[in-house]
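First up is the structure itself, then whatever we jot down about it.
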Amino acid sequence: MPPDTTPTARRVIAQHPAERDDIGDLVTRRPLPGPGLDQLDPFLFLNHHGPQTYPANNRGLPFGPHPHRGFETVTFILEGSLAHADSAQHQSVIHAGGVQWMTAGSGIVHAEISPPEFLRDGGSLEILQLWVNLPSHLKMSEPRYVGLQQASIPAIALPGGGELNLIAGEWQGSAGPIDTLTGVFMSTLRLTAGSHEQLPVASGRQVFLYVVDGDVTVGGEPVKSHHLIEVNRDGDSLDIGASSNARLLFGHGEVIDEPVYSHGPFVMNTREEIVQAVEDYQNGKFGGLTL
């Protein structure tokens with residue numbers, strides 16, 4: 001008898017709500033970290049900003065120059081636009097549908113602010129920012145940054161009627177434009193009402209699945225909008241359906257399984273490494289950034 005090659009679907013373990021935690025006038029929800037879930041190794045943090053509409057002559061986003069060390073930030077611009085500048089001399093303005101992937105590594109100072117046109121004219125804004133951990137041997141990697149507009153991100157039609165925007169990793173012969181340090185797969189999904197997809201995921205990898213909006217089922221179980229959906233690590237597929245148009249953040253990565261010691265914008269393995277990060281930043285070793 002030939003071996004059974006039928007994909008085994010992951011099952012939902014828990015649904016973690018994105019709790020409101022506004023930053024000034026910026027509508028912000030955060031499912032990770034949250035009650036009962038400190039991290040989803042290797043994924044550390046997710047902020048969901050908006051959706052909201054800014055008036056003309058607004059103050060824009062409040063994320064002026066600030067440091068990071070020891071991990072990566074991945075920023076998804078769903079609506080609006082986002083200007084990036086950092087101490088490694090990277091600059092860009094990324095518009096709706098685009099992505100920014102920054103490796104803080106050994107240390108960087110960056111700013112994420114609204115470009116002048118948005119400050120002048122206003123408009124709709126919705127942004128996700130995900131923090132992805134780095135293993136100890138990569139935490140002091142050289143900082144790097146890639147900004148991608150929507151046109152540079154492959155949009156792959158799925159057999160069940162959805163669309164996958166491939167940011168990093170491989171999907172049925174296609175490769176995402178971001179070459180990651182740790183082999184993280186990252187994408188955004190758009191599902192139409194009535195669509196149903198079976199997404200392959202290698203057994204043992206940690207799935208990151210956040211429902212931005214829409215009525216969705218995972219493994220046949222209804223899941224909620226603005227929730228991080230935790231699934232088991234057994235099985236080699238993710239069964240997703242939608243009864244309305246829906247948007248999701250879908251990624252997966254290898255579990256690092258190392259101690260995590262974080263303090264504000266620094267994520268290391270020990271308290272001593274955090275103390276060193278603070279000292280290095282205060283002594284100017286991350287470089288400077290003037291806007």
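Assorted remarks:
- Residue match in segment 6-19 (condition: open to solvent by 70 Å² or more (accessible area, probe 1.4 Å) and free of Cβ contacts under 8 Å to residues at least 60 places away in the same chain): yes
- Residues that are closer than 23 Å to Ile178 by Cβ and open to solvent by 10 Å² or more (accessible area, probe 1.4 Å) within segment 58-75 comprise Leu61, Phe63, His66, Pro67, Arg69, listed in sequence order.
- Residue within segment 223-246 that is modelled with pLDDT under 95, under 27 Å from His49 (Cβ atoms), over 21 Å from the mean Cα position of the chain (by Cα) and among the hydrophobic types (A, V, I, L, M, F, W, C) present: no
- Residue satisfying all of: in segment 137-191; open to solvent by 30 Å² or more (accessible area, probe 1.4 Å), hydroxyl-bearing (Ser, Thr, Tyr) and not in a strand (DSSP E or B); farthest from Gln100 (Cα to Cα) among these: Thr182
- From the list Pro51, Pro67, the lone residue that is outside any loop (DSSP other than H, G, I, E, B) and closer than 29 Å to Ile256 by Cα is Pro67.
- For segment 276-291, the set of residues classified as open to solvent by 60 Å² or more (accessible area, probe 1.4 Å) and modelled with pLDDT of 95 or more consists of Gln276, Glu279, Tyr281, Gln282, Asn283, Lys285, listed by residue number.
- Test: Ile274 is under 18 Å from the mean Cα position of the chain (by Cα) and not in a strand (DSSP E or B): no
The values are calculated or read from the model by the stated rules, or taken from the named source; none is laboratory data. Everything numeric in this text was worked out from a predicted model, so none of it was measured. Every residue, glycine among them, receives a Cβ derived from its backbone with ideal geometry; neighbour counts consider all protein chains shown. Heads up: the accessible areas ignore ligands, DNA and RNA and are worked out on the full protein's heavy atoms, side chains in. Shrake-Rupley method; radii C 1.70, N 1.55, O 1.52, S 1.80 Å.
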